[in-house]
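Report on the following structure.
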């Protein structure tokens, strides 16, 4: 099994983080789904559940202590304090230990945050639609307004996503964004979703040294990462999970 870790989170022993890839230990992890973590792409439910269990156990997390959301490309943000299905949203926040927050992706930008002072974590799914709706900015404001979180205390990992050079969008999409993050070539438009989100963090006062931006492109890294843009409807999905260890582990 290959699990991607974050160098910036590795500095904090109480943070558990992992991002799944196409490479698992099971004999059924074969094309087109590979080591798939989604129940909604047509893969065998039993395989998916087994994949999830093995992934969490590899990270030392209890598979029964995970929070899932139905991601719907919105700016819906939810505070959660118990495991299970949290409903429709694209961002989760908790201050509870030993509770894993999950984001599923296959090109969209996953963002994971840890407030080292207030002991709060957040997990955000930010495709172009949620980025246009400023879900990251609204999550930062929720942390500040509800939990008195200071951006200077945030440690942030922006996980693997589709790179700008591989993410062509229509002009009607491109014109909705800061043009510093849109590249036009031969009447085609390419959007840097991860860069847009990184810029929001910096503008809101998160120190650049507190941000790690993955340079792994889901589209380009065919042997390692799932990509909806590359593989279509039969693509599997990855998940990233973040949790805070409690006092007892």
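The values are calculated or read from the model by the stated rules, or taken from the named source; none is laboratory data. Everything numeric in this text was worked out from a predicted model, so none of it was measured. Cβ coordinates were reconstructed from backbone atoms using ideal geometry, including for glycine residues, and neighbour counts include every protein chain displayed.
Residue 19 falls short on exactly one of the conditions (1) modelled with pLDDT of 95 or more; (2) over 20 Å from residue 66 (Cα atoms), and that condition is (2). Only one entry of 162, 120, 111, 66 meets the criterion of being closer than 14 Å to residue 243 by Cα, touching a strand residue (DSSP E or B) at 6+ places or on another chain (Cβ under 9 Å), surrounded by 24 or more Cβ atoms within 10 Å (Cβ to Cβ) and at pLDDT 95 or above, and that entry is 111.
For the stretch 53-86, the tally of residues that are more than 22 Å from residue 109 (Cβ to Cβ) and not in a helix (DSSP H, G or I) stands at 11.
Rundown of residues vs (1) in a strand (DSSP E or B); (2) out of contact with any helix residue (DSSP H, G or I) (no Cβ under 7 Å at 6 or more places or on another chain); (3) surrounded by fewer than 20 Cβ atoms within 10 Å (Cβ to Cβ); (4) free of Cβ contacts under 8 Å to residues at least 40 places away in the same chain, yes/no style:
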site: 1; (1), (2), (3), (4): no, no, yes, no
site: 19; (1), (2), (3), (4): yes, yes, no, no
site: 25; (1), (2), (3), (4): no, no, yes, yes
site: 30; (1), (2), (3), (4): no, yes, yes, yes
site: 37; (1), (2), (3), (4): no, no, no, no
site: 48; (1), (2), (3), (4): no, yes, no, yes
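Taking the criterion of being touching a helix residue (DSSP H, G or I) at 6+ places or on another chain (Cβ under 7 Å), within 23 Å of residue 11 (Cα to Cα) and touching a residue at least 40 places away in the same chain (Cβ under 8 Å), the residues of the stretch 205-230 that qualify are 205, 206, 207, 211, 213. Residues in the stretch 196-223 that are out of contact with any strand residue (DSSP E or B) (no Cβ under 8 Å at 6 or more places or on another chain) and buried (at least 18 other Cβ atoms within 10 Å of the Cβ): 196, 200, 219.
Within the stretch 87-108, being closer than 21 Å to residue 245 by Cβ and in contact with a strand residue (DSSP E or B) (Cβ under 7 Å, 6 or more places away or on another chain) holds for 92, 93, 94, 95, 97, 98, 99, 100, 101, 102, 103.
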